[in-house]
Amino acid sequence: MFDGSRKTRMVTPQEALKGRSTAMPIVGRHVVLGTPMVPPFPGGHEVAVVGLGCFWGAERKFWQERGVFTTAAGYAGGFTPNPSYEEVCTGLTGHAEVVLVVFDPAVVSFAGLLKVFWESHDPTQGMRQGADAGTQYRSAVYCRSDAQLATALASREAFQPRLTAAGFGAITTEIAAHADFFYAEDYHQQYLAKNPNGYCGLGGTGVTCPAGAL
């Protein structure tokens, strides 16, 4: 991964790269699940968008969950439309590396996915995750409905006392309403399935999120 150690200040809209109108082409199906990665998705399914550091390991966390129909790596939360990976790594797009998760709420709830989210990384690290530093590695939840937003905020409040008791600081996760999702390049999709020995910088805190409180 690119070194983002000098890119920990959030760019302003005026500073952001202009981007482009053409979306990143996504061809083929999910190499693990065999499902499409682009809409339309099956009726009754919901979409979650989360960022927890490098999206290679983050995507793998979610495609392993029961009830997940498909996942995709991408960018969200910034200002540059249809950015490239190289542009995101400059810190001049404002985007975080994120994972799109399409799931069946009859099998796994949004709160259940948030439990995976909180426990799979350290949400107290600000503009970094482990050795990966930069705004693109920030912790984030971009909600697709008022119900998701309320659940995400409640889950943060439920998890913070557990982290505090374990000696961690305040949660710095960005929790916001809908942000446009832009697909990452094809070689990033299901990267760790294509490259089993590839880089994964994810590391949780070892603290359990109280799912029952969500």
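The values are calculated or read from the model by the stated rules, or taken from the named source; none is laboratory data. Bear in mind the structure is a predicted one, so any value in this text is a computation, not a measurement. Ideal geometry is used to build each Cβ from the backbone, glycine not excepted, and the neighbour counts take in all protein chains shown. Areas reflect the complete protein model, heavy atoms only, side chains present, ligands, DNA and RNA absent. Shrake-Rupley method; radii C 1.70, N 1.55, O 1.52, S 1.80 Å.
Residue under question is Thr8, and the condition is that it be open to solvent by 10 Å² or more (accessible area, probe 1.4 Å), at pLDDT below 95 and not in a helix (DSSP H, G or I); does it hold? In short, yes. Does Leu163 satisfy the criteria of being free of Cβ contacts under 8 Å to residues at least 60 places away in the same chain and open to solvent by less than 10 Å² (accessible area, probe 1.4 Å)? So Leu163 passes the test.
Beta carbons closer than 8 Å, at least 6 apart along the sequence or on distinct chains, pair a first residue in segment 174-197 that is under 26 Å from Glu157 (Cβ atoms) with a second that is open to solvent by 60 Å² or more (accessible area, probe 1.4 Å) for Ile175/Leu153; Ile175/Arg156; His178/Arg144.
The residue of segment 192-214 that is farthest from Val31 (Cα to Cα), among those that are out of contact with any Lys or Arg (no Cβ under 8 Å at 6 or more places or on another chain) and surrounded by 15 or more Cβ atoms within 10 Å (Cβ to Cβ), is Thr205. Only residues that are among the hydroxyl-bearing types (Ser, Thr, Tyr) and within 13 Å of the chain's Cα centre (by Cα) were counted across segment 106-123, and they come to 1.
In contact with a His (Cβ under 7 Å, 6 or more places away or on another chain), within 18 Å of Ala133 (Cα to Cα) and touching a residue at least 40 places away in the same chain (Cβ under 8 Å), is that true of Gly77? When the stated conditions are applied, Gly77 passes them. In segment 176-184, the condition of being open to solvent by 60 Å² or more (accessible area, probe 1.4 Å), more than 15 Å from the chain's Cα centre (by Cα) and among the acidic types (Asp, Glu) is met by no residue. When segment 185-209 is filtered for residues that are of a type outside the set (Asp, Glu) and in contact with a Pro (Cβ under 9 Å, 6 or more places away or on another chain), only Thr205 remains.
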